[in-house]
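A.B. asks: Okay, here's the structure, questions in a sec.
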Amino acid sequence: MCKIITCLFMIFLLSAVCLADIVVLKQGQRLTGDILTEKENLLYLDIGVTVLTIPKEKILEYEYTKTFEDKKSAVEGGPAVIERQTNQLYRTANLKKTTIEQCVDAVAEAVVKISTPAAMGSGFFINEQGYLITNYHVIEKETKIEVTVFQKVKDGFEKKKFKKVKIEAVNAFADLALLKVDDLGDTKTKYACLGDSDKIEVGEKVFAIGNPLGLERTVTDGVVSTKSRAFEGLIYIQTNADINPGNSGGPLFNLAGEVIGVTNRGYIFFGGLGFALPANDVKHFVENREAFTYDKDNPNTGFRYFQPDHRRNKLEPNIIPGKPD
């Protein structure tokens, strides 16, 4: 009997260790405990006897492996989830599929409206620190950007507008932009987790949340029509969920409440033809954001391809090959 109790106690201890959050420092130390919260530059880890404040610059990676019972930032009111994240701006999670109603209730606050003097679109927070994703064409050639957040209150939603918005990175070819709201203050933002777009299936149910034609927090649903539709050198997720002007930059969700794509185009006069950039492309963009860092001193920075010599010569008849101009 004593041996059985001892074995059960050891299993309990091992389970507790397995469920501990993990922090790996750049010097090689491995810490386990409970990550209480994280700021932009700091991580707070409860190791039982004390709470450590760890600068993120000293962290190689960290991972949430603990089970959360009521993770509102993932699926509010749904089953327990296991959230995993490394030292990245975005968050991922293993979530169980549920209904559109439950998902919308959980993730709607993560979706925002983005306004510039020339355009209006959608976007969504990818973490609690104010970082969000939208389409490049929503903010193209603009620096005055306003983000409207919709927060739940007793009788509905409350609008909060933020005008101190920084452009962190842009990829014009992939039509993606990373923004950061700098004037959140005490406002707590909800965020949406990025899913694995490689695992989606044709016929899978999906839904979009955005602001088509200025109609805020509009939800449309449909299925994945195809997971690999090619346009202009990019691969898109095609869906029959309605995507209209104003949806651009907003999230396309699966029934687990994970973002599987970023909506960016649709046919206005032909319903059921919507397209979204795969979430895995968004992850690559965020992970390599230094390569796409926005140059505030040259907001119109762009690129163009030069014609090869033989083509340029054909296009410029006054230049004779092999002879000086």
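A.B. asks: Once all Cα-Cα distances of segment 160-210 are split into 10 Å bins that start at 0, what whole-number percent is in each one?
C.D. replies: 16, 35, 34, 14, 1
A.B. asks: I would also like to ask the following. Holding the Cα-Cα limit at 31 Å, pick out from Lys199/Lys296; Lys39/Lys161; Lys160/Lys199; Lys166/Lys199 the pairs that are longer than that. Intermediate results must be reported in sequence, preceding the final value.
C.D. replies: Values: Lys199/Lys296 37 Å; Lys39/Lys161 22 Å; Lys160/Lys199 35 Å; Lys166/Lys199 33 Å.
Checking Cα-Cα distances, Lys199/Lys296; Lys160/Lys199; Lys166/Lys199 exceed 31 Å.
A.B. asks: If you take every residue apart from Lys163 with its C-beta less than 15 Å away from the C-beta of Lys163, what net charge results, scoring Lys and Arg +1 and Asp and Glu -1? Before the final figure, lay out each step's value.
C.D. replies: Details: positive: Lys113, Lys144, Lys159, Lys160, Lys161, Lys164, Lys166, Lys180; negative: Glu142, Glu146, Asp182, Asp183.
After counting each charged neighbour, the total is +4.
A.B. asks: Give me the number: length gained by fully extending Asp196 to Thr37, i.e. 0.36 nm times residue separation minus the C-alpha to C-alpha distance, one decimal in nm. Present the calculation step by step, with values, prior to reporting the outcome.
C.D. replies: On the way: separation 159, 0.36 × 159 = 57.24 nm, distance 2.51 nm.
Extra length from Asp196 to Thr37 when fully extended: 54.7 nm.
A.B. asks: Could you please report the charge total around Arg265, scoring K, R as +1 and D, E as -1 over all other residues with beta-carbon less than 12 angstrom from its beta-carbon?
C.D. replies: Values: positive: Arg229; negative: Asp175, Glu232.
Summing Lys and Arg as +1 and Asp and Glu as -1 gives -1.
A.B. asks: Ser115: net charge of surrounding residues, Cβ under 10 Å, Lys/Arg +1, Asp/Glu -1, itself excluded? Show your work: numbers first, answer last.
C.D. replies: Numbers: positive: Lys113, Lys144, Lys161, Lys163; negative: Glu142, Glu146.
Charge balance in the 10 Å sphere: +2.
A.B. asks: Enumerate by residue number the chymotrypsin sites (Phe, Trp or Tyr not before Pro) in segment 153-238 meeting two conditions: DSSP loop (anything except H, G, I, E, B), and at most 13 other Cβ atoms within 10 Å of the site's Cβ.
C.D. replies: Working: sites: Phe157, Phe162, Phe173, Tyr191, Phe207, Phe231, Tyr236; in loops: Phe173, Tyr191.
Answer by residue number: Phe173.
No value in this document is a laboratory result; all are computed from the given coordinates. Computed from a predicted structure; not experimentally measured. For neighbour counting, all protein chains shown are included, and Cβ atoms are generated from backbone atoms with ideal geometry for every residue, glycine included.
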